[in-house]
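Everything on this sheet refers to the single structure shown next.
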Amino acid sequence: MHRRALALSLLIVPLLTAAPAFADAPKVFERRLDNGLKILVKPDHRAPILTTQVWYKVGASYEYGGITGVSHILEHMMFKGTQTRGPGEFSRIIAENGGEENAFTGSDYTAYYQNLASDRLEVSFALEADRMRNLALDPAQFAKELEVVKEERRMRTDDDPQSLTYEHFDATAFLASPYGNPVIGWPGDLEQLTAEDLRTWYRLWYAPNNATLVVAGDVDPDQVFALAEQYFGPLKAETVAPPKTRAEPEQVGERRIRVKAPAQEPYLLMGYKTPAIADAAEAWEPFALEVLASVLDGGSSARLTRELVRGSRIAASTGASYSATSRLPGLFLFDGVPAKGHDIPALEQALRAQIERLAQEPVDPAELERIRTQLIAGKIFAKDSVFAQAMELGQLESVGLPWTLADQYVDRLSAVTPEQVQAVARKYLTPDRLTVAVLDPQPLAANQPQRAPTGLGGHDNVR
C-alpha cells in the first residue's frame with residue numbers, strides 16, 4: 001500500500017479469500033452518476049461475498065498548518081451518527097447483517113468499507129449514502145472522540161520510540177511537501193481543532209464528486225449501478241477545487257537527525273527521495289524501484305536478510321520498502337536494528353554497501369528472475385481476495401492514476417531489466433537525496449513497558 005502501514009484506525013485488513021484465481025482477471029465495469037460519483041464494479045462469483053468501499057480523495061496531505069489530523073478525526077466521527085441514525089448504529093446494523101466494517105486514513109485518501117454476504121449490498125449503500133452528506137458532527141461527540149485520538153497519539157507515537165523517530169524523520173526529509181505531517185496530526189493542532197473545523201472539512205471533501213465507490217465480489221453490475229443511483233444519486237455535488245500543494249524543493253545534501261527517547265535498543269531509518277508513477281521522469285522507473293526493493297527485501301532469501309541478518313549478523317532485523325502509487329513523490333526506505341555486538345554506524349555502513357553494490361553491479365538475471373517471480377506471484381495471489389481487488393482499484397483512482405493500471409501492473413514488473421534496476425539505484429539512491437534518522441535509546445523508566453521493534457511495517461502513516 002502507499003508508503004507505510006495503514007493509518008491508526010485500521011487494525012488488520014481482512015482478506016476475503018475464495019478459490020484460486022482465474023487465469024484471466026475479471027472485467028471491471030465503470031459508471032459515473034450525474035452528481036459525479038464514480039462507480040467501479042468487479043464481479044467475482046467464486047463465493048457469495050462482497051466488499052463495498054467508498055474512497056474519498058482527501059487525507060493528511062491535503063491538510064495545512066493548524067488543522068493537521070482533521071482527516072483522521074473526521075474518519076472517527078463518521079461512526080458517531082448522522083441526522084437520522086444515532087452513534088454506533090452504523091456498526092450495529094452491519095454486525096446484525098453478519099458483516100464487518102472499518103475505515104482507514106492515509107496521506108492521500110480516506111476509505112470506508114464493509115464486507116458482507118452478497119445479498120446485503122443494499123444495507124451498505126443505504127448507510128454509506130446517509131453519512132456521505134448527512135453526518136451529525138455533534139460537538140459533544142467530537143469532544144469525546146478528540147480525547148480518544150489524543151490517547152491514540154500518545155500510545156502509538158509519543159510512547160513508541162520507533163514511531164516517534166519515524167515522525168521526526170518525515171518532518172526532516174520533507175521541507176515543503178505535506179508528507180512531512182503525521183496522519184494523526186501534530187499535538188498542537190489537535191489541541192486547537194474544533195467541531196466547526198471538521199464540519200468545514202466534511203462539507204468540502206465528503207461529496208459524491210470527490211469519491212469513488214468500489215464494489216467487488218458476487219454481484220451483478222447492473223444491480224449495483226441501479227442501487228447506487230437509488231441511494232447516492234440524490235446527493236448533491238460540491239464545488240471541489242484541486243488542492244494547492246507546495247512542491248518539495250530539490251534536496252541538495254544529506255540530512256541527519258538523532259532522536260533521544262526511552263527505548264530498549266537503537267534504531268536506524270534511511271530514506272532516499274524517489275518519484276512515484278504520477279511524476280516519474282521515465283514510466284518504467286517506479287516499477288524498477290519496486291523490483292529493487294524486492295531484491296533487497298523480498299522474503300527470507302532476499303539480500304538484506306540473507307547477508308546482514310543471517311550472514312554477517314550485523315542486523316537483528318532490517319528491511320527496505322518503496323511504493324509507486326502515491327499522489328506525490330515519496331521515499332525509498334531502509335530501516336534496521338543492529339545485532340548485539342554491533343552498532344548503528346556498522347549497520348548503516350552495511351546498508352550503504354548493499355546500495356553501492358546495486359549501483360555498481362547489475363543484478364544477476366537468475367536472481368532477478370527469482371525475485372520478480374515472487375513479486376509477481378504476490379500481485380496475482382492478492383487477486384484471490386475480493387477485498388484486495390477492490391482496494392487496488394480504489395487506491396489507484398484516489399491518487400489520480402487510472403484504475404486500468406491494475407491490469408497492466410504485472411506486465412510492467414515483468415518488463416523490468418537488470419540494467420533498469422541498476423539505473424534507478426544509481427540515479428536515486430545517492431547521498432544528496434538521503435535523510436538519516438537514528439534513535440538514541442535513553443534509559444527506560446522502571447514502570448515503562450518494553451515495546452517490540454515494529455520495523456517499516458509498524459508505522460502509522462500511509463502514502
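The values are calculated or read from the model by the stated rules, or taken from the named source; none is laboratory data. Model, not experiment: these values are computed from the prediction. Positions of Cβ are generated from backbone atoms using ideal geometry, with glycine treated the same way; all protein chains shown enter the neighbour counts.
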Practice problem: Just give me the residues in segment 237-279 being under 24 Å from the mean Cα position of the chain (by Cα), under 30 Å from LEU204 (Cα atoms) and buried (at least 16 other Cβ atoms within 10 Å of the Cβ), in sequence order. | Solution: GLU248, PRO275, ALA276, ILE277
Quiz item: Looking only at segment 100-126, which residues are under 21 Å from GLY86 (Cβ atoms), crowded, with 23+ Cβ neighbours inside 10 Å and more than 19 Å from the chain's Cα centre (by Cα)?
Solution: SER124
Exercise. Examine segment 328-345 for a residue that is out of contact with any Asp or Glu (no Cβ under 8 Å at 6 or more places or on another chain), part of a helix (DSSP H, G or I), under 30 Å from ASP440 (Cβ atoms) and assigned by TED's automatic domain parsing to the domain that holds LEU304, and state whether such a residue exists.
Key: yes
Quiz prompt | Number of the condition not met by ALA324 [criteria: (1) assigned to a helix (DSSP H, G or I); (2) without any contact (Cβ under 8 Å) to a residue 60 or more places away in the chain; (3) in contact with a Pro (Cβ under 9 Å, 6 or more places away or on another chain)] | solution = (1)
Exercise. Within segment 221-228, identify whether any single residue is outside the structural domain of LEU328 (by TED's automatic domain parsing), without any contact (Cβ under 8 Å) to a residue 40 or more places away in the chain and assigned to a helix (DSSP H, G or I), and answer yes or no.
Key: yes
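Conditions tested, residue by residue: (1) farther than 23 Å from GLU307 by Cβ; (2) assigned to a helix (DSSP H, G or I).
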| position | (1), (2) |
| --- | --- |
| LEU351 | no, yes |
| GLN354 | no, yes |
| ARG357 | no, yes |
| PRO362 | no, no |
| LEU368 | no, yes |
| LEU375 | no, yes |
| ALA388 | yes, yes |
Quiz item: Can you tell which of LEU292, LEU296 is among the aliphatic types (A, V, I, L, M), within 20 Å of GLU367 (Cα to Cα) and in contact with a strand residue (DSSP E or B) (Cβ under 7 Å, 6 or more places away or on another chain)?
Solution: LEU296
Quiz item: Being in contact with a strand residue (DSSP E or B) (Cβ under 7 Å, 6 or more places away or on another chain) and either at pLDDT 95 or above or more than 26 Å from ALA261 (Cα to Cα) (or both), is that true of even one residue in segment 402-414?
Solution: yes
